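Here is the structure we will look at.
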Amino acid sequence: MVSLANPAPVTKIQAIRYARHERTAEANFTMPVDDHDLPMPLDYYVWAVHREGHQPLIVDTGFGEHAAAARGRTMIRDVAQGLRDAGIDHLLVEDVILTHLHYDHAGSLNVFPNAKFHVQDDEMAFATGRQVCDHGVRAPFDGEPVAQLVRKLYADHVIFHDGDEDFAPGIRLCKAPGHTAGLMVVVCETARGPVVLCSDAAHLYANITRSIPFPIFVDEAAYAAAQVKVMELAGGSLDHVIPGHDPLVLSCFPSENDIARVDLPPHRPIAEEI
Ligand SMILES: [Zn+2]
Ligand SMILES: [Zn+2]
């Protein structure tokens, strides 16, 4: 119980859906699953972390129309509109956490012309290094946003992180690689306890509960270890984990206009919804 005299540092967290990809379950797991031919779409989100006295902290930028067309994703609204729908002026955003540099997480840097971008050392090194010569490894990255990030580095708009670091009181960045070389999750202290924005450490709750990875990773053992770390950071409760692409986020947490309030508890325990 948090008293008014000691409010939680993070007052609100919004998961803002901007795009979707219809697919069947088999596309979401590395191993055969019983429900392989059933629909299991991915949703695409950016997240906004609110504190008293600060502009909202944005976690990931999402992608735009060009990437959606190139990759067959369905835009629900562009990211700037999604932020406006959430009451946020993207031009005023001061800090953007890039959980990793895949196209769907770092594909709209220019929506935030006044922001500093936070990224792990290993993520930047990987996305600009020799590993990208492998076309399979390269596939989830787009070159142009990575090039934009390099240009922002030269304009003093990039802040590097190495491992686990406090971003601000009640907001901690924790490295959880495996899906990519330098993926980081964001741990927020809310009135209901920690909420872990875990990005693609788990695309779906089912990647955790079934212990079957989503089929994009650079290190499978590290990917599994990252999910163990995420669950520890979440106090062992799925209700405190927000996966990167799960439609259950919108259906299980209080939501309106494709924006879920994940600082609030889910309507029912997530474990009962899967
Ligand atoms: Zn990813
Ligand atoms: Zn993703």
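Does segment 216-223 contain at least one residue that is modelled with pLDDT under 95, assigned to a loop (DSSP other than H, G, I, E, B), over 20 Å from residue 10 (Cβ atoms) and within 16 Å of ligand 2 (Cβ to nearest atom)?
yes
Could you list, in sequence order, all residues of segment 109-140 that are crowded, with 21+ Cβ neighbours inside 10 Å and farther than 24 Å from residue 187 by Cβ?
Selection gives 111 alone.
Which ranges mark the helices (runs of 4 or more DSSP H) fully within segment 30-118 that have 2 or more residues being without any contact (Cβ under 8 Å) to a residue 60 or more places away in the chain, within 28 Å of residue 156 (Cα to Cα) and within 16 Å of ligand 2 (Cβ to nearest atom)?
Output list reads 103-106.
Considering only residues that are loosely packed, with under 14 Cβ neighbours inside 10 Å and either without any contact (Cβ under 8 Å) to a residue 40 or more places away in the chain or in contact with a helix residue (DSSP H, G or I) (Cβ under 8 Å, 6 or more places away or on another chain) (or both), which ones fall in segment 218-240?
228, 232, 236
Criterion first (free of Cβ contacts under 8 Å to residues at least 24 places away in the same chain, assigned to a helix (DSSP H, G or I), away from ligand 1 (no atom under 16 Å from the Cβ) and among the hydrophobic types (A, V, I, L, M, F, W, C)) does residue 125 satisfy it?
Values: free of Cβ contacts under 8 Å to residues at least 24 places away in the same chain: no; assigned to a helix (DSSP H, G or I): yes; away from ligand 1 (no atom under 16 Å from the Cβ): yes; among the hydrophobic types (A, V, I, L, M, F, W, C): yes.
Answer is no for this residue.
So, in segment 22-66, of the ones that are more than 30 Å from residue 194 (Cα to Cα) and in contact with a helix residue (DSSP H, G or I) (Cβ under 6 Å, 6 or more places away or on another chain), which residue ends up nearest to ligand 1 (Cβ to nearest atom)?
That would be 33.
Go through (1) assigned to a helix (DSSP H, G or I); (2) under 17 Å from the mean Cα position of the chain (by Cα) for residue 246 and report which single condition fails.
(1)
Out of the residues in segment 165-212 that are under 22 Å from residue 250 (Cα atoms) and without any contact (Cβ under 8 Å) to a residue 60 or more places away in the chain, state the one that is surrounded by the fewest Cβ atoms within 10 Å (Cβ to Cβ).
193
Residue 210 - would you say it is more than 12 Å from ligand 1 (Cβ to nearest atom) and under 21 Å from residue 241 (Cβ atoms)?
Against the criterion (more than 12 Å from ligand 1 (Cβ to nearest atom) and under 21 Å from residue 241 (Cβ atoms)), residue 210 qualifies.
Output the residues belonging to segment 136-155 that are of a type outside the set (D, E, K, R) and within 17 Å of residue 69 (Cβ to Cβ).
139, 140, 143, 145
Taking the residues in segment 242-258 that are farther than 25 Å from residue 229 by Cβ and among the charged types (D, E, K, R) as candidates, determine which candidate is farthest from ligand 2 (Cβ to nearest atom).
256
Which members of segment 172-196 meet the condition of being in a strand (DSSP E or B) and within 29 Å of residue 73 (Cβ to Cβ)?
The answer is 173, 174, 175, 184, 185, 186, 187, 188, 195, 196.
When you check residue 230 against the structure, is it in a helix (DSSP H, G or I), touching a strand residue (DSSP E or B) at 6+ places or on another chain (Cβ under 9 Å), of a type outside the set (Lys, Arg) and under 20 Å from residue 98 (Cβ atoms), yes or no?
yes
Which ones in segment 250-274 are hydrophobic (A, V, I, L, M, F, W, C), in a loop (DSSP other than H, G, I, E, B) and touching a Phe, Trp or Tyr at 6+ places or on another chain (Cβ under 6 Å)?
Matches in segment 250-274: 262, 274.
Can you tell me which of 243, 215 is closer than 18 Å to residue 180 by Cβ and either in contact with a Pro (Cβ under 9 Å, 6 or more places away or on another chain) or free of Cβ contacts under 8 Å to residues at least 60 places away in the same chain (or both)?
Values: 215 fails: either in contact with a Pro (Cβ under 9 Å, 6 or more places away or on another chain) or free of Cβ contacts under 8 Å to residues at least 60 places away in the same chain (or both).
That would be 243, the only listed residue that is closer than 18 Å to residue 180 by Cβ and either in contact with a Pro (Cβ under 9 Å, 6 or more places away or on another chain) or free of Cβ contacts under 8 Å to residues at least 60 places away in the same chain (or both).
The values are calculated or read from the model by the stated rules, or taken from the named source; none is laboratory data. A quick note: this is a predicted structure, and the numbers were derived from the prediction, not measured. So basically every Cβ, Gly included, is an ideal-geometry build from the backbone, and we count neighbours across all protein chains shown.
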